[in-house]
Every structure is written in C-alpha cells, then in structure tokens.
Amino acid sequence: ANKLYNEALKQYKLVTRANPNLYGAWYGLGKAQTKTKDYKEAVLSFDKALEADPTKTEAFRDRGIAQEGLGKFDAAISDYNKALEKNYDDATAHYARGALKEKGKDIQGAMADYAAAIEVNPNFKDAYLKRGIIHHDKDKDYVLALVDFDKYVQLAPDDDQGYLWRGKTKYNGGDYKGAEKDLSKFLDSQSEHMEGLIFRGCNRINLKDYE
C-alpha cells in the first residue's frame, strides 16, 4: 500500500509543479501525505488546495484529520467545524469531530456528533460502533447498545469486533444464549483473546445456572 501511495505522491507533486493552482492535485497530494502519516506536509497541501478553491469542504475536513495527526486538536476541531458549517451532510466530518471530542472526554458532544453522522448517512457503520460502546461502557444502557451493535454487525458482518461487543452486551443484559453465540463467533477468529475468553467463561457459568 505504501508503494502505491508513494507513487501517487510523485504524480501529484508533478502536477502541482505544472499547475500550482489546481485544487484536485493539492487535495490528492494532501490525502496521500495523510495516508503516509506525513501530517505536516499534508496540512500545507490542504492549505494550498483551499487557496485554489476555498469552497471545497472536504479539504477543511481532511486538513482537520491531518491536524489531529499532529496532535493539534483545537485546530482539528476548528477545521471540522468549518467543514460542517459549509456542508452539514458530511458524515465523516461529524464522525471525526465526535471521535476527537470523545478523546477529550466530551462524551455528550461526541454522542451528538455520532448521532449526526448516522442521521446524514444511516449506513455509517463506525458511528454505530462508537456510540454503542459509549452506551455500553459509560451509560450501562444495554438496550440502546444492543440496537447499535446489531446495526454494526449488519453493516460489517466480517468484523469480529462487532460480535465481541454484542456478545458482551447480551451477557450484561442477561441474554446468555445470545451471548454464547456471539462470543463464540468472535473467538473463532480470536481464539486467544483474553477478554473474550473471560466473558465466555463467565457466560457459560450463568448459562448453566439459567438452564
């Protein structure tokens, strides 16, 4: 993958030299630099892209992602805000801002952004996962957590994390048969995962007592 991005970097740099005012070349260069974790150069490229066309909201969003990579969280939030002021329907910007707010312990703000991401894109799977985890860990609301994890598993059936979280939620909600099914599916691919093994072990004790 890095080889492909490095090739893209070369191509975009050639285009920016030939046409320094071409938005798409600067934007593409910034995206490639972000993928290779060259966040400082990515920010500069997105700056150039916005000089070429300040109406492109995705450049604000992706500059925010690069700013976040540099640890400049206030600058990242500012860029996410600018992107969303210009285009409320940018689900990725809502999600990115929510994830950063969650890192900063603004759980209420994070939940609002995850909800907004889902509002504008009902198939934004990662927002369901993040919101479900907050419901599970912070709110202890296993009913709402289960709704989100069900949707996540529906949208990402090949991601074993969805089965782990849904299994834990079912266990905590007293659905031991459902928990057994999900935790076992998770452990099929993560057979040495300590948390998964512990939860399934505890669940089997409860399942035996329940039966």
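The values are calculated or read from the model by the stated rules, or taken from the named source; none is laboratory data. Note that the structure is a prediction, hence the values are computed from the model and not measured. Because the Cβ atoms are built from the backbone with ideal geometry, glycine has one as well, and the counts that use them run over all protein chains shown. Surface accessibility is based on the protein's heavy atoms, side chains included, excluding ligands, DNA and RNA. Shrake-Rupley method; radii C 1.70, N 1.55, O 1.52, S 1.80 Å.
Figures for the structure shown
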| quantity | calculated |
| --- | --- |
| Pairs where the first residue, in the stretch 36-52, is farther than 20 Å from residue 7 by Cα and the second is of a type in the set (S, T, N, Q) and assigned to a helix (DSSP H, G or I), C-beta under 9 Å, 6+ apart | 48/16 |
| Candidate set from the stretch 1-31 (those that are among the aliphatic types (A, V, I, L, M) and over 25 Å from residue 85 (Cα atoms)); member that is modelled with the lowest pLDDT | 1 |
| Cross-chain or 6+ apart pairs with Cβ under 6 Å, the stretch 114-139 first and within 20 Å of residue 164 (Cα to Cα), then in a helix (DSSP H, G or I) and of a type in the set (Asp, Glu) | 128/148; 131/148; 132/148 |
| Any chance residue 176 is closer than 23 Å to residue 97 by Cβ, in contact with an Asp or Glu (Cβ under 9 Å, 6 or more places away or on another chain) and without any contact (Cβ under 8 Å) to a residue 60 or more places away in the chain | no |
| Qualifying residue in the stretch 16-28 (condition: under 30 Å from residue 102 (Cα atoms) and more than 18 Å from the chain's Cα centre (by Cα)) | yes |
| Within the stretch 57-113, tally of residues that are among the polar types (S, T, N, Q) and in contact (Cβ under 8 Å) with a residue 24 or more places away in the chain | 4 |
| Count of residues meeting criterion [under 23 Å from the mean Cα position of the chain (by Cα) and open to solvent by 30 Å² or more (accessible area, probe 1.4 Å)] in the stretch 188-197 | 4 |
| Number of positions in the stretch 68-97 that are of a type outside the set (Val, Ile, Thr), buried (at least 19 other Cβ atoms within 10 Å of the Cβ) and assigned to a helix (DSSP H, G or I) | 13 |
| Unique match (being surrounded by fewer than 22 Cβ atoms within 10 Å (Cβ to Cβ) and closer than 27 Å to residue 65 by Cβ) among 185, 105, 177, 208 | 105 |
| Residue in the stretch 159-173 that is in contact with a helix residue (DSSP H, G or I) (Cβ under 9 Å, 6 or more places away or on another chain), polar (S, T, N, Q) and open to solvent by less than 30 Å² (accessible area, probe 1.4 Å) present | yes |
| Output for the stretch 106-126, where each listed residue is over 14 Å from the mean Cα position of the chain (by Cα) and farther than 13 Å from residue 90 by Cβ | 106, 107, 108, 109, 112, 122 |
